[in-house]
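Down below is the structure, laid out as structure tokens.
The values are calculated or read from the model by the stated rules, or taken from the named source; none is laboratory data. Note that this is a predicted model, so its numbers are computed, not measured. As a convention, Cβ positions derive from the backbone with ideal geometry for all residues, glycine included, and neighbour counts pool all protein chains shown. Quick note on the areas: whole protein, heavy atoms, side chains included, nothing else; ligands and nucleic acids left out. Shrake-Rupley method; radii C 1.70, N 1.55, O 1.52, S 1.80 Å.
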Amino acid sequence: FIVMDYIHTARSVEDRLLSYRKDESGWKTCKKTNDVVVCWRPSCEFPGYVYKGEGIVNGSPEKVWDCLKPEINGLRVKWDANIKKFELLEQVSSDVSICRTVTPSAAMGIISPRDFVDVISVKRYEDGTVSSNATNVSHPNCPPQPGYVRGFNHPCGCSCVPVPGEPGKTQLFSFFQTDLGGLLPRSVVDSFFPTSMVEFYSNLTKAVKSLK
């Protein structure tokens, strides 16, 4: 993989996530709380689902973004129960990087620790929206590691969208479509994602509240 390939991949993920955000068709609600509505539809990328979370978070887009942004030693690993470790493998350009994410075991130990290698881009839009966009890539510095099942993220990410007239609020879209790898029963995977996305929004809301 050369630099231009990584950048090209990152740009195509940005386009894909924007299309998920704009395209309302085919989504079915699978979980709903005060914080978030989680929907799913079959993925075009792999034989699983793409999940969409949508909710309003109390906090300006910049504050919410501070909690979400993919950075080493950032806030995200502190509050996000599904991220144990986050490593930078290569800074490709000012807004594109290759990272390894390590996740803890989940679903009462049925899902063992995983690691993921992704190209991640940060994109800012004219309306003030800021987004992270990621998908799996391979990287020479990070072959599969002992003790971890290598999982694969298909186009996924988060968009912090300003709420017109409400500077202290952020509309947050999150998209997950992950092949967890390994031989997991489909039912475990299908119940894990909606539940963990609800947890993601509630933990994020607490994290934003704790920022001064």
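Summary table below
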read-out	value
Tally, over segment 73-89, of residues that are closer than 18 Å to S121 by Cβ and either of a type in the set (D, E) or open to solvent by 70 Å² or more (accessible area, probe 1.4 Å) (or both)	2
Residue that is farthest from the chain's Cα centre (by Cα) [pool: residues in segment 147-159 that are part of a loop (DSSP other than H, G, I, E, B) and within 21 Å of V13 (Cα to Cα)]	G151
Selection from segment 24-47 of residues that are assigned to a loop (DSSP other than H, G, I, E, B) and open to solvent by 90 Å² or more (accessible area, probe 1.4 Å)	E24, N34, C44, P47
Pair list, Cβ under 7 Å, 6 or more apart: segment 93-117 residue more than 16 Å from H154 (Cβ to Cβ), other residue exposed (fewer than 15 other Cβ atoms within 10 Å of the Cβ) and hydroxyl-bearing (S, T, Y)	I111/S105; S112/S105; P113/S105
Residue under evaluation S187, criteria (1) closer than 21 Å to C44 by Cα; (2) in a strand (DSSP E or B); (3) open to solvent by 50 Å² or more (accessible area, probe 1.4 Å), criterion not met	(2)
Test set (1) surrounded by fewer than 19 Cβ atoms within 10 Å (Cβ to Cβ); (2) at pLDDT 95 or above - C156 fails condition number	(1)
Condition met for S121 (part of a strand (DSSP E or B), surrounded by 19 or more Cβ atoms within 10 Å (Cβ to Cβ), in contact with a Ser or Thr (Cβ under 9 Å, 6 or more places away or on another chain) and in contact (Cβ under 8 Å) with a residue 60 or more places away in the chain)	yes
Complete set of residues in segment 160-196 that are under 22 Å from V117 (Cβ atoms) and under 15 Å from the mean Cα position of the chain (by Cα)	S174, F175, F176, Q177, T178, D179, L180, F192, F193, S196
Residue in segment 25-40 that is of a type in the set (G, A, S), without any contact (Cβ under 8 Å) to a residue 40 or more places away in the chain and closer than 25 Å to D127 by Cα present	yes
Residue, most open to solvent (accessible area, probe 1.4 Å), within segment 48-72, restricted to residues that are within 30 Å of E166 (Cβ to Cβ) and hydroxyl-bearing (S, T, Y)	S60
Per-region count, segment 1-23, residues farther than 17 Å from S94 by Cβ, in a helix (DSSP H, G or I) and open to solvent by 90 Å² or more (accessible area, probe 1.4 Å)	3
